[in-house]
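One structure is given here, and the rest of the page talks about it.
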Amino acid sequence: MQEWLAILPVSSAFILPIMQLNKRPVTSATAKSFSNKPLSSSVLPMTKDGSTAPPNGASQVVERKRLLSWRVAPNLFVSFKYAWAGLSYAFKTQRNFRIHLAIGALAIGLGVFLHLPAVQMAVIGLTIGAVLAMELLNTAIESVVDLTVKQTYHELAKIAKDCAAGAVLVSSLAATLVAGSLLLPPLLAKVSAISF
């Protein structure tokens, strides 16, 4: 299969849609330059892994960058290191993540103060974890969208970011309802016992 792909010519039917996707201007001269090339100059050399070789002898540089960008964690410790890097990035750069973390710590502290049963504390902990996980996913989606569209406006990028933020809002509202239903009754009982 790879040998068959290596002898395919690069045709204008293949190049023109790619150039249009990349928002490069496609002129009649550009289309003509691709369609009039002889077969020998339009064949892309293939590497052992099936990808095309980079031009101008830059294979070592491209290969090195590719190895580093697609590198899989060699052990469990490195995996946790990458996960911690993501958490610390979100904590340092995302105001809402810090707000959710502070409110979650307050809810856990209030649950301990009120001597809630273990099941109720577990439910509060799970809802806090869900909100923080949604905030991390929101950050990841925003970063990927920003990487894709750069500094330009695109309606689909707006939709992706708005939906991710909406998911955080829904999980936050659900967590507020859960925490309110579990924390408010014992809190009101404790306040009324202290005041009378």
Label-point gap, in nm, between Thr176 and Lys92 - each point 7 angstrom along Cα→Cβ
3.1 nm
Run the quick spin-label model on Phe80 and Ile99: label points 7 Å from Cα toward the beta carbon, then report their separation in nm to one decimal.
3.2 nm
On a full-extension model of 0.36 nm per residue, what is the gain between Ile108 and Leu137, subtracting their alpha-carbon distance, rounded to one decimal in nm?
8.2 nm
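About the Cα centre of segment 110-169, how large is the charge dipole given +1 on each Lys and Arg Cβ and -1 on each Asp and Glu Cβ? Please answer in debye to the nearest 20.
Values: 3 positive and 5 negative charges, 6 e Å.
That gives segment 110-169 a dipole magnitude of about 20 debye.
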According to the Cα gyration tensor, what semi-axes, each the square root of 5 times an eigenvalue, does the equivalent ellipsoid of segment 106-159 have, listed from largest to smallest in whole Å?
38, 9, 7
Kindly sort Lys81, Lys92 by accessible area of their heavy atoms, largest first, with the probe set to 1.4 Å.
Lys92, Lys81
For the Lys161, Ser192 Cβ pair and Förster radius 35 Å, calculated FRET efficiency rounded to 0.05 is 0.20
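The values are calculated or read from the model by the stated rules, or taken from the named source; none is laboratory data. Source: prediction; values computed, not measured. No Cβ is skipped: glycine too gets one built from the backbone with ideal geometry, and neighbour counts run over all protein chains shown. SASA here: full protein model, heavy atoms, side chains in, ligands and nucleic acids out. Shrake-Rupley method; radii C 1.70, N 1.55, O 1.52, S 1.80 Å.
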